[in-house]
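The values are calculated or read from the model by the stated rules, or taken from the named source; none is laboratory data. In this text the structure is predicted, and so the values were computed from the model without any measurement. Cβ sites come from the backbone with ideal geometry, for glycine too, and all protein chains shown count toward neighbours.
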Amino acid sequence: MPRSIVFFVVLFVSIGNVCRGAEEPAGQAASNTTDKRVILTPKPAAAPKINGPKVQGCRPGRPFLYRIPCTGNRPIIFGAETLPASMTLDAASGIISGRVPSERGEYAVTLSATNADGSDRRAIKVIVGDTLALTPPMGWNSWYIHYAAVTEANMRNAADVMVSSGMADYGYQYVNIDDCWMKKRGDEPYRDQQKAVLPNAKFPDIKGMVEHIHAKGLRAGLYTSPGPWTCTGYVGSHQHEEIDAKKFAEWGFDFLKYDWCSYGEIAPKPSRDDLQKPYLLMAGILKRSERDIVLNLCQYGMGNVWEWGGEVGGQCWRTTGDLGAEKDTRLPGFYTIALSNARHWKYPKPGQWNDPDYILIGWIGGPSPDQPVHVKLTDDEQYSYMSMWCLMASPLIFSGDMARLDPFTLNVLCNAEVIDVDQDPLGKQARILRQNDDELVLAKPMEDGSVAVGLLNLADSPRAMRVAWSDLELTGKRRVRDLWRQKDLGECSDEFTSDVNRHGVVLVRISP
Ligand code: GLA
């Protein structure tokens, strides 16, 4: 063969390769932790790497608590240049505490972390104003593992594990009790002499529990209903909103999930005004509270809540019914929730997020509290789940068992580059570029001008999937990086194509 032809063929093949990703097969039908699983997230380096959001929203003068999320071998010495004078950093733990400055405005802070293997720096902004949750909240919620059996010990343990497992090093922060911490219907008295709500016997020292969570640099959340009873028949806040919110702040809580439940008895055929009323009331009370308390609306998407959840003072709102109760179709139930939530992509912005419910992977609650079951999702389905939640700028709230976190589950929850998509300060939800029975393509614009694109294969066999620059309103050469594998795939012109596993995802970031 003449040399020029050989050269031409080689060149052609290599250009073709650059813009084609190819997925290695991941475990298809793994149903428990003993099956061989394909871990994509690279191990963190020994040198420090600071993760987490680049912006912190808070109200003037309120208590402030933030544990710098950072991977790398301990001990690490932390620094925070130009930290507002009202805050202090503990250099050994990386916990910043104190008060938000009383003057509104943007405070630029440079975080640093140094260990024997190297150092890292990260510029963040503390934005003092009216907006909380400038990026979607990240954390853990007790519901899908403990249900009504939740105890104070479970909550304390969840906080311990959030740190010891490394989750907190990636930005997981809120440790949230769901339903069933208060007294159950029939178990009187429900309230003390001042009418403040009483925890049940499983929570002997709720203030101590919150202090324990805070001592780790984490934030604490809880749950109640605007109705007289919660969804499982525990005491709600109806007509005690002011006193309950005051108590929650006194205990030190930082997050409130406010679940419609029995409010249907108060407003049986709710108009939009009726739907908004209890949330407006609670949001108003929380705004005046002496703490910053994030308000999570939980009313399952009634009355197109995505159109007004922010206006009534919520930082995030559930857009659907319970993910854990969603029946599987041809695809596992989380896809139905995701596809429904994906439609409302126009609404979110910093401080106002669509919430498609929790991340249910790993071990979740089974027939009894001591018999958890492992979710029956393939590796690929779990990567798809996490990718969609990040592309949709969803709150990242894990609700599986903190006492049984296996390496695969942690690899899904803790990929810093995947989480960066979720936590991007621009705060846009991905728009749907393509959706049919076989394919879903989501594209999320990022603050630095790049675009995160998820190629999701909904079909029952592997397929080649493509995104064209023309779909993204891009032209010219772009760098493409595979986020799960944290690997540059090269420069592409016009398009990127990849093989995608059955129910799998290829998540890339396309940069100028
Ligand atoms: C509702 C909510 C769930 C959970 C339960 C608790 O169903 O949607 O997320 O909080 O109530 O009872």
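Report whether or not Arg272 is under 19 Å from Gly129 (Cα atoms) and at pLDDT 95 or above. No: the conditions fail for Arg272.
Annotation: of all residues in the stretch 236-269 being within 15 Å of the ligand (Cβ to nearest atom) and of a type in the set (S, T, N, Q), the one that is farthest from Gly284 (Cα to Cα) is Ser262.
Somewhere in the stretch 309-322, is a residue in a loop (DSSP other than H, G, I, E, B), closer than 30 Å to Pro60 by Cβ and of a type in the set (Val, Ile, Thr)? Yes.
Answer yes if at least one residue in the stretch 240-253 is in contact (Cβ under 8 Å) with a residue 40 or more places away in the chain, within 24 Å of Thr319 (Cβ to Cβ), out of contact with any helix residue (DSSP H, G or I) (no Cβ under 7 Å at 6 or more places or on another chain) and not in a loop (DSSP other than H, G, I, E, B), and no otherwise. No: zero hits. Residues of the stretch 144-177 that are within 16 Å of the ligand (Cβ to nearest atom) and within 14 Å of the chain's Cα centre (by Cα): Tyr174, Val175, Asn176.
Name the single residue that is nearest to Pro84 (Cα to Cα) among those in the stretch 120-143 being more than 16 Å from the ligand (Cβ to nearest atom) and in contact with a Pro (Cβ under 6 Å, 6 or more places away or on another chain).
Just the residues of the stretch 120-143 that are more than 16 Å from the ligand (Cβ to nearest atom), to begin with: 120-136, 138.
Next, only the ones that are in contact with a Pro (Cβ under 6 Å, 6 or more places away or on another chain) stay: 120, 128, 134-136.
Numbers: Asp120: 21, Val128: 11, Leu134: 19, Thr135: 21, Pro136: 24 Å.
Checking each candidate, the answer is Val128.
The number of residues in the stretch 303-332 that are within 16 Å of the ligand (Cβ to nearest atom) and surrounded by fewer than 16 Cβ atoms within 10 Å (Cβ to Cβ) comes to 3. Each residue in the stretch 86-135 was checked for being surrounded by fewer than 16 Cβ atoms within 10 Å (Cβ to Cβ), in contact with a Lys or Arg (Cβ under 6 Å, 6 or more places away or on another chain) and in contact (Cβ under 8 Å) with a residue 60 or more places away in the chain, and 1 of them qualify.
For the stretch 200-239, filtering for residues that are assigned to a strand (DSSP E or B) and surrounded by 20 or more Cβ atoms within 10 Å (Cβ to Cβ) leaves 8.
Anything in the stretch 31-85 that is on the phi > 0 side of the Ramachandran plot and surrounded by 14 or more Cβ atoms within 10 Å (Cβ to Cβ)? List them, or say none. Hits for the stretch 31-85 are Gly52, Gly61, Gly72. Note on the stretch 187-207: residues that are without any contact (Cβ under 8 Å) to a residue 12 or more places away in the chain and closer than 13 Å to Glu250 by Cβ amount to 1.
All told, Val373 meets the bar of being without any contact (Cβ under 8 Å) to a residue 12 or more places away in the chain and β-branched (Val, Ile, Thr). With respect to (1) under 19 Å from Leu458 (Cβ atoms); (2) out of contact with any Phe, Trp or Tyr (no Cβ under 7 Å at 6 or more places or on another chain), the lone exception for Tyr383 is condition (2).
Yes or no, residue by residue, for (1) in contact (Cβ under 8 Å) with a residue 24 or more places away in the chain; (2) in contact with a Ser or Thr (Cβ under 7 Å, 6 or more places away or on another chain):
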| residue | (1), (2) |
| --- | --- |
| Gly310 | yes, no |
| Glu326 | no, yes |
| Gly333 | no, no |
| His344 | yes, yes |
| Trp389 | yes, no |
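Counting only strands (runs of 3 or more DSSP E) that sit completely within the stretch 442-503, those holding 1 or more residues that are of a type in the set (Lys, Arg) correspond to 463-468, 477-482, 487-493.
Matching residues to (1) under 27 Å from Gly166 (Cα atoms); (2) in contact (Cβ under 8 Å) with a residue 60 or more places away in the chain:
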site: Ala416; (1), (2): yes, yes
site: Asp424; (1), (2): yes, yes
site: Arg431; (1), (2): no, yes
site: Arg434; (1), (2): no, no
site: Asp437; (1), (2): no, no
site: Leu442; (1), (2): no, yes
site: Gly454; (1), (2): yes, yes
site: Arg466; (1), (2): no, no
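Checked against the criterion of being more than 15 Å from the ligand (Cβ to nearest atom), in the same structural domain as Phe398 (by TED's automatic domain parsing), small (Gly, Ala, Ser) and over 30 Å from Gly52 (Cα atoms), the candidates Gly217, Gly186, Gly233 yield just one match: Gly186. Can you say whether Leu474 is under 23 Å from the mean Cα position of the chain (by Cα) and either crowded, with 21+ Cβ neighbours inside 10 Å or assigned by TED's automatic domain parsing to the domain that holds Ala22 (or both), as far as the supplied structure shows? Considered against the rule, which asks whether it is under 23 Å from the mean Cα position of the chain (by Cα) and either crowded, with 21+ Cβ neighbours inside 10 Å or assigned by TED's automatic domain parsing to the domain that holds Ala22 (or both), Leu474 comes out as no.
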